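Shown next, in structure tokens, is the structure this report addresses.
The values are calculated or read from the model by the stated rules, or taken from the named source; none is laboratory data. Nothing here was measured: the structure is a model prediction, and the numbers come from that model. Cβ coordinates were reconstructed from backbone atoms using ideal geometry, including for glycine residues, and neighbour counts include every protein chain displayed. To get the accessible areas, we keep the full protein, side chains included, count just its heavy atoms, and leave off ligands, DNA and RNA. Shrake-Rupley method; radii C 1.70, N 1.55, O 1.52, S 1.80 Å.
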Amino acid sequence: MGGASRWAARLACMHVVSALVSCTGDSPEPPAGKTAIDRSWMAEIVKNPEAFTTRVQGSREGWIALHANDWRGAVAAGGDPAARAHAELERFHRVLAALDAEAWRRLGTTWQDRSTLPADSLLAWFVGAALLDSGRDTEAAAWPSGAPLDPAIAARKALHDKIRAGTLGLASLPAAEPLRRESVEGGVRELPDPWRLRTHARVDAAATTPPLDATLFSGEIGVTLTLPAPATDGVEDGEACRVAVRALDVDLDVWRLTASAAANDDGRALLEDLQLTEGTRARLLVDRAVAALDTGRPHCALALGQLALDHEAPRVIGPINSPTLFAVVASAHLHVGRPREALDALDVLAADWPETAGVDETLNTLVVLQGMDRRGDSRE
């Protein structure tokens, strides 16, 4: 990773100093006019680069991975970076699982509207299973339920139950390929595993422990991105959230300029080489985008996700673009009625996150089905 070499060079030239700070009791009050950012972890390490060296000491490789949003690398390194990465993975898979359930629902209702789903297809049962697993019980009640008729599907559900109970590991799951294939005119309908992503989220949640250092390379910098009350029109809601981000950007830009001017060479190098302001801003926006999705504000979530994106490397996971960013953008696109754009966002994750293959397949089927309907309408 490109960031790793910058890390190595920076840590090599920084001096690890002994603890020469005198203990005088209570911490002094911040000078008048200081903002919350001036009291954040980001400001601390720019003002005192030695504090950064101390914080990453002992888990340097893990912090390098966490900074680059390489969560599996951070997990492998252990320590606080691993604890933080497990929490990131849980949220990432939770967003994807909710996206998957919504994709199944839209696929099912699209087939219903067409009235062309064969009676012997299990697609409707898969829709119900996905909604039930996501906690959308009321919606699930409108679809077939009960034990699956296919023994292979029943066995897969039992396997998921054991993994979620902790008696088996994720490695017990077969590769992410269709759970059922149905013959259709001109080809095959593939129905992916509707439980996989939520099982990943459950396993991640079970592995999450409270870290000692919960703020380094997080979006927690004491700044509250105050979003307006939901607008009546979804498009207006998205624009209102963009306005809120512009106000945040003013604060961040002012802090960055003043912090850079006041920092020594090592502090200034940390600020620039590690893209502290850009990465922290992106993490903060993704945090709020996930919250916007959870509260039914997809236009706002989409606006926040698009503004968080590193437009110099828009399809690369790194210090600014996290996997959750692309999951959020995909989910928001689907909720505002753009499944094709949702597929495009998910495509960034396909190579490194094979568990996304199922939701990708469901979305692709939805896009094809909706495209057939549009072509039919145009002929009429």
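Extension gain, Ala262-Glu44: 0.36 nm per intervening residue step, less the Cα-Cα distance, totals 77.3 nm.
Over the range 67-147, the hull volume per residue, using the convex hull of the C-alpha atoms, is 129 Å³.
What a 1.4 Å probe finds exposed on the chain is 53% carbon and sulfur by accessible area, rounded to a whole percent.
Applying 0.36 nm per residue to the separation of Asp161 and Thr109 and subtracting their alpha-carbon distance, the gain on full extension is 16.0 nm.
If you build a Gaussian network model of the chain, linking Cα atoms that sit under 10 Å apart, which residue out of Asp80, Asp265, Asp133 swings the most? Sorting by GNM fluctuation, first place goes to Asp265.
The residues of the range 97-182 expose, per residue, 50 Å² of accessible area to a 1.4 Å probe.
The Cα-based radius of gyration and maximum Cα-Cα distance (Dmax) for the range 105-162 are 11.9, 38 Å.
Each stretch of four or more DSSP H residues adds -39500 (n - 2.57); spread over every residue of the chain, this sum gives -19500 deg cm²/dmol at 222 nm.
Built from the Cα atoms of the range 285-380, the convex hull projects on average onto 6.9 nm², one quarter of its surface area. Spin-label model, Val184/Ala350: points 7 Å from Cα along the beta carbon direction are separated by 1.9 nm. With viscosity 1.002 mPa s and temperature 20 °C, the Kirkwood radius over alpha carbon pairs of the range 136-204 converts through Stokes-Einstein to a diffusion coefficient of 157 µm²/s. For the set His299, His200, solvent exposure ranked by accessible area (probe 1.4 Å, protein chains only) runs largest to smallest as His299, His200. Among Ser260, Ser331, Ser218, the residue with the largest mean-square fluctuation in a Gaussian network model of the chain, with springs joining Cα atoms closer than 10 Å, is Ser260. Of the DSSP H helices in the chain, those that are both long (alpha-carbon extent of 24 Å or more along the helix axis) and hydrophobic (Kyte-Doolittle mean at least -0.5) are 234-262, 276-294, 357-379.
Here the relative contact order of the chain, from alpha carbon pairs under 8 Å that lie six or more residues apart, stands at 21 percent. In vacuo Debye scattering of the range 84-207, one point per C-alpha: log10 I(q)/I(0) at q = 0.12, 0.19, 0.22 Å⁻¹? Taken in order of the listed q values, log10 I(q)/I(0) reads -0.46, -1.10, -1.39. Equivalent ellipsoid of the chain: semi-axes from √(5λ) of the C-alpha gyration tensor, largest first, are 44, 24, 17 Å.
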